[in-house]
Amino acid sequence: MKEGNQDPGEEKIVSIEYNETYQGCYVCGKDNREGFQLDFHYDEERDEMHTVCIFHTFMQGYERVVHGGFISMLLDEVMAKACLHRDLPAVTVQFEVRFRKPVYVDEEVVFSGKIVEIKGRRVRTEARCVDTEGHVRADAKALFFRQ
């Protein structure tokens, strides 16, 4: 993990760097040429992980509408990264998503996720996908089990 330059009054954003074991990941792995290769950042003030994504045409379900499976995958991933940021390696055991409005091909959206509760091995999380105007396109809740 590395911190960017911080000026007084500026949001504290922490860039997350993962070791080589994550480089094959479809979402964040830099060695996976077919994957997203997304960067994730942790906002210390909001206590949440986030990433920005633009989906391509081959990711559509209906014409120009991003397939819900891709949106679900990124909602799950941003919650998993929130767990990793707190040094809580965990796996998803329960996942619920609500699609509120379509996400369109070539549209920039932001995914954010956070931990809402930790009880023993159980980690409850929440995530959302919002457009550049702040409208929620999808949100999710998940239960992770710590490894």
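The values are calculated or read from the model by the stated rules, or taken from the named source; none is laboratory data. No experiment lies behind these values; they were computed from the predicted model shown. All Cβ positions, glycine included, derive from the backbone under ideal geometry; neighbour counts span all protein chains shown.
Descriptive notes on the structure:
- Qualifying residue in the range 37-49 (condition: modelled with pLDDT under 95, surrounded by fewer than 16 Cβ atoms within 10 Å (Cβ to Cβ) and within 22 Å of Gln23 (Cβ to Cβ)): yes
- Of the residues making up the range 87-97, at least one is touching a Ser or Thr at 6+ places or on another chain (Cβ under 9 Å), among the aromatic types (Phe, Trp, Tyr), at pLDDT 95 or above and crowded, with 16+ Cβ neighbours inside 10 Å.
- So Gln60, is it under 23 Å from Asp39 (Cα atoms), over 14 Å from the mean Cα position of the chain (by Cα) and polar (S, T, N, Q): yes
- A Cβ distance below 7 Å, combined with a sequence gap of six or more or placement on separate chains, defines the contacts here; from the range 34-61, residues that are touching a residue at least 40 places away in the same chain (Cβ under 8 Å) and under 24 Å from Phe99 (Cα atoms) reach residues that are among the acidic types (Asp, Glu) and in a strand (DSSP E or B) in the pairs His50/Asp43; Val52/Glu108; Ile54/Glu108.
- Set Val14, Val27: member being assigned to a loop (DSSP other than H, G, I, E, B), at pLDDT below 95 and β-branched (Val, Ile, Thr): Val27
- The single residue among Leu84, Leu74 that is at pLDDT below 95, out of contact with any helix residue (DSSP H, G or I) (no Cβ under 6 Å at 6 or more places or on another chain) and surrounded by 15 or more Cβ atoms within 10 Å (Cβ to Cβ) turns out to be Leu84.
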